[in-house]
Each structure stands twice: as C-alpha cells, then as structure tokens.
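Novice: One structure, as structure tokens, below. Some questions next.
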Amino acid sequence: MNTDVLVVGAGPTGLALGIDLARRGVDALVVEKADRLFPGSRGKGLQPRTMEVFDDLGVLDAILAVGGTYPVGMVWQDGERVGEHRMFDPAEATEDSPYNAPWMVPQWRTQEVLFARLEELGGRVSFGREVVGFEQDADGVTVRFAAGADVRARYVVAADGGRSVVRRTLGIGMTGETVDPNPLLVADVRVTGLDRDNWHVFPPRGESIGYLAICPLAGTEDFQVVAQFPEGTQVDLSLDAVRAVVAARSHLAAESVTEVRWASDFRPRAAFADRFRSGRIFLAGDAAHVHSPAGGQGLNTSVQDAYNLGWKLGAVLRGGAPAALLDSYEEERRPIAAQMLGISTGVHRGEVRRGEATRQLGLGYRDSSLTEETRTAPSGLRAGDRAPDGKLGGVRLFDAFRGPHWTLVAVGLEAPELPESVRVVTGEEQPSYGKGLFLVRPDGYVGWAGEDASKLTGYVGRGITR
C-alpha cells in the first residue's frame with residue numbers, strides 16, 4: 001500500500017503526530033509492533049506547554065477528565081509521617097499562561113485519549129506491524145515488516161522508542177551518558193493501607209536499601225511504585241519480588257500489594273541522536289532523545305517533536321510549501337532536546353528544581369531560520385518565542401490559534417492583506433504582546449514580528465505559511 005507518511009510507533013509521539021497529520025488532510029498510517037497500546041504509567045506528568053499543545057489538538061478536555069493534580073509528597077520513617085516534601089515550585093495561572101502546573105495522567109491513559117482522537121479524525125493505527133527493514137530513494141521509502149505487505153511512503157517518522165529499529169538501521173548513533181548506574185523498578189500496582197492524598201516517600205536506609213516512592217495515579221485505582229537498587233542488581237519484576245521490596249522499605253506488609261499490573265526495569269540514561277533526519281526519514285521522541293524520568297520531560301519533549309514536525313509535513317504535502325521547510329525540524333528540535341536532557345539530568349541529580357524550567361513555557365526558536373524579528377529594539381515578546389494566551393478585540397488568542405493554520409495578531413496596527421488561510425485577530429492593546437504585528441505559526445510560536453507590513457509580505461512570500 002501507499003501513504004504520504006508512515007509513522008513507526010503508537011506511543012504519545014506517534015499518536016500526536018498522527019492526529020496533527022489527520023487534521024491537515026495528510027494520508028498517514030501509524031504502525032505499532034505490539035498488538036496493543038503500551039499498558040504502563042511510565043510518563044505520567046504533562047507539563048503546561050504540552051497542555052497547550054493538547055488544547056490545540058482537541059484532546060484537552062478528555063485529558064483533564066482522566067487526570068489530576070500532583071499530590072504533596074509525604075516522607076515516612078519507621079512507620080511515621082515525618083514531613084511533607086513539595087515536588088514542584090508553585091506557580092499561579094495567568095491570562096497568558098492558563099496552565100500553571102503539571103497534570104498527572106498515566107501514560108497508558110494519555111495514549112488512550114490520543115488514540116480515540118486519532119480515530120475520530122479518521123486516522124489509522126495498524127498493530128502487530130514490526131519493521132524489519134526499509135529502502136529509501138529520491139521519491140520515498142519502502143518499509144518491510146515481519147508480517148504483512150510492504151508500505152510505500154513519501155516520508156517516514158521513527159517514533160519507535162529508545163531502542164529504535166529505524167534509527168539503528170540508519171546507522172545514526174546516540175551520544176550521551178548514564179545518569180545513574182543504579183537501576184529502578186517502576187511498577188503499577190494495587191496497594192491497600194495507603195491514602196491517595198499523598199505521594200509517599202520512604203528514604204533509603206544505608207547503601208543496600210535504596211529509596212521507595214509510592215504515588216497514587218490520578219484517575220485510577222493504581223499506585224506507581226518506584227524503587228532504586230544498587231548498581232549491578234538484576235531487578236525482579238514478579239509480584240512476590242515487588243511485595244518484598246515494599247515490605248522491606250516501608251511499614252506496609254507484603255500482602256498490602258494485591259496486584260502488579262505492569263512492571264519495568266529501568267536504568268536512567270540521557271542521550272540524543274547525532275542526527276534527527278536521514279533523507280526522507282525523521283526521528284522523533286525517544287528514538288531521538290532518551291531522558292531520565294526525573295522532572296517529567298521525556299514524554300513532553302516527544303509530543304512537541306511531533307507538534308513541530310506535523311505542521312511542516314502538512315505544509316509540504318498539502319500546502320505546496322518548499323520541501324526545504326523540513327530541514328528546520330532538526331535545526332529547531334535538536335537544540336531543544338539537548339537543553340531538556342540537561343534539565344532532566346539536573347533534576348535527577350538534585351541540581352535543578354521542578355519549576356519554571358520544567359514547565360517548558362520558556363522554550364522557543366529565536367535562532368531558527370524560520371524566525372524573523374524585524375524590529376530594531378524589541379522588548380518583551382520576540383519572534384521565535386511561544387505566543388502567549390490572552391484576549392485581543394474580545395477574542396481569546398488560544399481560541400484563535402486552535403487549528404492547523406497561521407494566525408496574525410495585530411496589536412495597535414492595521415492588519416495587511418494576507419492569504420485566506422491566515423486567521424487575523426486585531427485589537428488596540430494586548431499587554432503580553434505590546435504594539436506590533438505578530439505572525440504565529442501553527443505550533444504556537446511567533447514566526448515573524450515587526451511593525452512594517454511590507455516586511456511581513458516578504459516573509460509570507462517564502463511560501464511556508466501554507
């Protein structure tokens with residue numbers, strides 16, 4: 001069969017990309033090696049910037065309905081509560097940043113929400129499709145599977161995880177380091193005898209007994225257990241072994257763990273691919289960068305890879321934009337991945353607080369070749385920055401941005417004539433923007449900023465605003 005885009009991997013990255021392509025009318029197929037969606041909680045924290053992305057993709061209400069806020073950490077010692085531990089620096093929601101704190105949703109449930117939205121838009125996921133090889137040429141990529149017919153695609157996106165078969169077949173290396181040599185047990189369990197109002201933390205005791213954390217998973221009856229072991233330990237994932245760990249490190253009896261629903265042996269690592277593209281094949285998500293789970297950056301950075309790439313593929317395949325636009329994916333996302341890997345590692349080692357840096361609202365593309373700041377002395381919001389929310393002329397800006405289009409925000413200036421595909425919002429005053437013209441990309445970043453409309457016409461003439 002033939003398709004415009006083949007997305008390998010039905011995790012959060014692949015599903016988010018599938019949604020973005022489907023709403024742009026791009027013929028895309030998501031394939032997944034497993035016979036079902038990933039069943040575990042692994043990436044459970046959605047950062048404020050990702051909540052903004054989900055708002056645009058049409059899944060925010062569903063995400064809010066199945067998740068919840070993070071509970072306060074409670075430190076235990078010898079069966080007694082000895083103090084609270086605040087996991088995150090507090091932040092107030094504002095008009096320009098309506099989502100102020102991480103939102104907890106187990107990864108399996110996030111994927112269910114994304115999968116339902118993809119199907120609603122007419123998108124497709126084909127399970128049980130393991131990639132075993134591919135050949136690419138000047139016009140496309142032919143992908144072979146362990147079972148089933150080959151697929152011919154104009155472009156392929158590898159979202160098949162940290163052990164990406166596609167990346168390895170391409171021969172693209174990963175540069176990085178072991179963040180912590182001590183392996184982790186991560187498991188979704190049912191537990192009795194603990195309240196669901198706290199994230200229960202049991203500090204390490206000596207060198208042989210590492211820490212234990214038991215966190216209630218919002219919107220479920222499950223808890224996530226995380227336990228650290230000494231370097232070189234082979235972590236046992238069985239019910240009896242999980243029970244023994246909980247009993248040895250907490251005041252709970254082994255029988256308090258009534259069920260293990262999913263378990264994984266994890267070794268924290270930070271690495272990112274030497275390249276994010278090879279010809280017509282792109283790497284996204286864990287296939288391109290692997291994070292420590294500390295700070296909740298991996299899934300979020302991955303979804304935003306998809307959000308960056310989706311509009312560009314749509315513009316090239318459906319809007320007639322120049323194929324060179326796709327070069328900006330690696331240019332923009334690889335530095336962001338490196339930055340977020342550093343933050344994840346810093347949080348893991350206790351060097352960075354979970355706060356402003358981990359919310360991802362300050363990330364941007366000021367140095368991108370797609371960014372043009374034409375004012376000589378800009379102050380405040382600049383081209384390349386995230387476009388804030390707020391109201392202008394009685395219109396909520398996030399409502400105006402929602403959908404697969406560009407948006408011109410004209411504050412205190414007359415809006416020039418632009419293609420019908422560009423939505424225009426005008427008004428006399430917007431404190432988060434200041435006076436000027438701001439052309440906002442489909443992924444919510446300011447592509448062009450200035451006051452001279454003739455220069456904006458030149459930017460639009462590059463053909464990328466399609």
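The values are calculated or read from the model by the stated rules, or taken from the named source; none is laboratory data. Note that the coordinates shown come from a computational prediction; the quantities given were computed from them, not determined experimentally. No Cβ is skipped: glycine too gets one built from the backbone with ideal geometry, and neighbour counts run over all protein chains shown. The accessibility values were calculated without ligands, DNA or RNA, using every heavy atom of the protein model including side chains. Shrake-Rupley method; radii C 1.70, N 1.55, O 1.52, S 1.80 Å.
Novice: Out of every Cα pair in the range 65-133, what percent are spaced more than 18 Å from each other?
Specialist: Every Cα pair in the range 65-133 considered, those over 18 Å come to 66 percent.
Novice: Report, for the range 387-466, the % of DSSP beta bridges that are antiparallel, rounded to 5. Working shown, then result.
Specialist: Numbers: 11 of 16 bridges.
Antiparallel: roughly 70 percent of the beta bridges in the range 387-466.
Novice: What distance in nm separates the two pseudo spin-label positions at ALA34 and SER421, each 7 Å out from Cα along the beta-carbon direction?
Specialist: Calculated label separation equals 3.7 nm.
Novice: Averaged per residue, what accessible surface does the chain expose to a 1.4 Å probe, in Å²?
Specialist: On the way: 18720 Å² over 466 residues.
Value returned for the chain: 40 Å² of accessible area per residue.
Novice: Please report the orientation-averaged projected area of the range 76-186, defined via the convex hull of its C-alpha atoms, in nm².
Specialist: Seen from a random direction, the Cα hull of the range 76-186 projects 13.9 nm² on average.
Novice: Suppose a student asked you for the relative contact order of the chain, using Cα pairs under 8 Å spaced at least 6 residues apart; what percent would you report? Don't skip to the answer; put the middle values down first.
Specialist: Details: 1048 pairs, mean separation 77.3, N = 466.
Contact order relative to length: 17 percent.
Novice: List, in order, the whole-Hz ³J(HN,Hα) value for each residue of the range 266-282 obtained from phi through the Karplus relation with A = 6.51, B = -1.76, C = 1.60 and θ = phi - 60°; use x for Gly and Pro.
Specialist: Per residue, the Karplus-derived 3J(HN,Hα) values read 10, 10, x, 9, 10, 7, 9, 5, 5, 9, 9, 8, 9, x, 9, 10, 10 Hz.
Novice: In terms of modelled amide H atoms, which long-range or inter-chain residues lie less than 5 Å from the amide H of LEU392?
Specialist: Correct list: LEU397.
Novice: Calculate, axis by axis, the spread of Cα positions in the range 103-256 along the three principal axes, and write the results as whole Å, longest axis first.
Specialist: Projected onto its principal axes, the Cα set of the range 103-256 covers 62, 39, 27 Å.
Novice: Short version: ³J(HN,Hα) in whole Hz for each residue of the range 248-259, in order, from phi by Karplus 6.51 cos²θ - 1.76 cosθ + 1.60 (θ = phi - 60°), x for Gly and Pro, what are they?
Specialist: Along the range 248-259, the couplings run 6, 10, 9, 8, 7, 7, 4, 5, 5, 7, 8, 7 Hz.
Novice: Express in nm, to one decimal, how much length is gained between VAL82 and GLU429 on full extension, taking 0.36 nm for each residue of separation and deducting their alpha carbon distance.
Specialist: Values: separation 347, 0.36 × 347 = 124.92 nm, distance 5.08 nm.
Going from the current span to full extension adds 119.8 nm.
Novice: If you take every DSSP beta bridge whose two residues both sit in the chain, what share of them, in percent to the nearest 5, is antiparallel?
Specialist: On the way: 61 of 89 bridges.
The answer is about 70 percent antiparallel.
Novice: Count the net charge of all other residues whose Cβ sits under 15 Å from the Cβ of ARG109, scoring Lys and Arg as +1 and Asp and Glu as -1.
Specialist: Working: positive: ARG36, ARG42, LYS44, ARG117, ARG261; negative: ASP61, GLU112, ASP188, GLU221, ASP222.
Net charge around ARG109: 0.
Novice: Shifting gears a bit: Return the calculated 222 nm mean residue ellipticity for the chain, to the nearest 500 deg cm²/dmol, obtained by summing -39500 (n - 2.57) across DSSP H runs with n ≥ 4 and dividing by the residue count.
Specialist: Working: 11 runs with 120 residues, N = 466.
Helices in the chain give a 222 nm mean residue ellipticity of -8000 deg cm²/dmol.
Novice: Then there's this: If the label point is 7 Å along Cα→Cβ of THR142, which residues in the range 1-43 have backbone nitrogen under 19 Å from it?
Specialist: 1-7, by backbone N distance to the label point.
Novice: Same structure again: Quick check: net charge around PHE145, other residues with Cβ under 14 Å of its Cβ, Lys/Arg +1 and Asp/Glu -1? Intermediate values should be presented prior to the final figure.
Specialist: On the way: positive: LYS33, ARG129, ARG144, ARG152; negative: GLU32, ASP35, GLU130, GLU135, ASP150, ASP160.
With Lys, Arg at +1 and Asp, Glu at -1, the neighbours total -2.
Novice: Separate question: Taking a quarter of the surface of the convex hull around the Cα atoms of the chain, what do you get in nm²?
Specialist: Details: hull surface 89.1 nm².
Projected area, direction-averaged: 22.3 nm².
Novice: So what's the projected area for the range 55-102, the Cα convex hull averaged over all directions, in nm²? Could the numbers behind the result be given before it?
Specialist: Values: hull surface 19.4 nm².
Average projection, Cα convex hull of the range 55-102: 4.8 nm².
Novice: Quick one: with all protein chains in place, what share of the accessible area of the chain is carbon or sulfur, to the nearest percent (1.4 Å probe)?
Specialist: On the way: 8760 of 18720 Å².
So the carbon and sulfur contribution to the accessible surface is 47 percent.
Novice: What is the helix-to-structure angle for 298-318, meaning the angle in degrees between its Cα long axis and the longest Cα principal axis of the chain, kept from 0 to 90 and rounded to the nearest 10?
Specialist: The angle comes out near 30 degrees.
Novice: Let me ask something additional. Based on the mean of other beta carbon atoms within 10 Å per residue, what is the order of 54-65, 15-26, most packed first? Can you show the working numbers first?
Specialist: Values: 54-65: 18.8, 15-26: 26.3.
By packing density, highest mean first, the sequence is 15-26, 54-65.
Novice: Alpha carbon centre of the range 194-262 versus the range 39-65: separation in Å?
Specialist: 26 Å
Novice: At 7 Å along the Cα-to-beta-carbon direction for both ASN100 and ARG205, put a label point, then send me their distance in nm to one decimal.
Specialist: About 4.0 nm, to one decimal.
Novice: I've got another one for you. Suppose R0 equals 45 Å. What FRET efficiency, 1/(1 + (r/R0)^6) with r the Cβ-Cβ distance, do VAL72 and GLU414 give to the nearest 0.05? Present the calculation step by step, with values, prior to reporting the outcome.
Specialist: Numbers: r = 51 Å, r/R0 = 1.13.
So the FRET efficiency works out to roughly 0.35.
Novice: Straight-line reach from LYS33: which aspartates and glutamates have a Cα under 13 Å away, not including same-chain ones fewer than 8 places off?
Specialist: GLU130, ASP160
Novice: Which value in nm describes the separation of the simple spin-label points at ALA149 and ASP197, placed 7 Å from the Cα toward the beta carbon?
Specialist: 5.9 nm
Novice: Another question about this same structure. What are the ³J(HN,Hα) values, in whole Hz, obtained from phi via the Karplus relation 6.51 cos²θ - 1.76 cosθ + 1.60 with θ = phi - 60°, for each residue of the range 320-325 in sequence order, with x given for Gly and Pro?
Specialist: Values, residue by residue: x, 5, x, 4, 4, 4 Hz.
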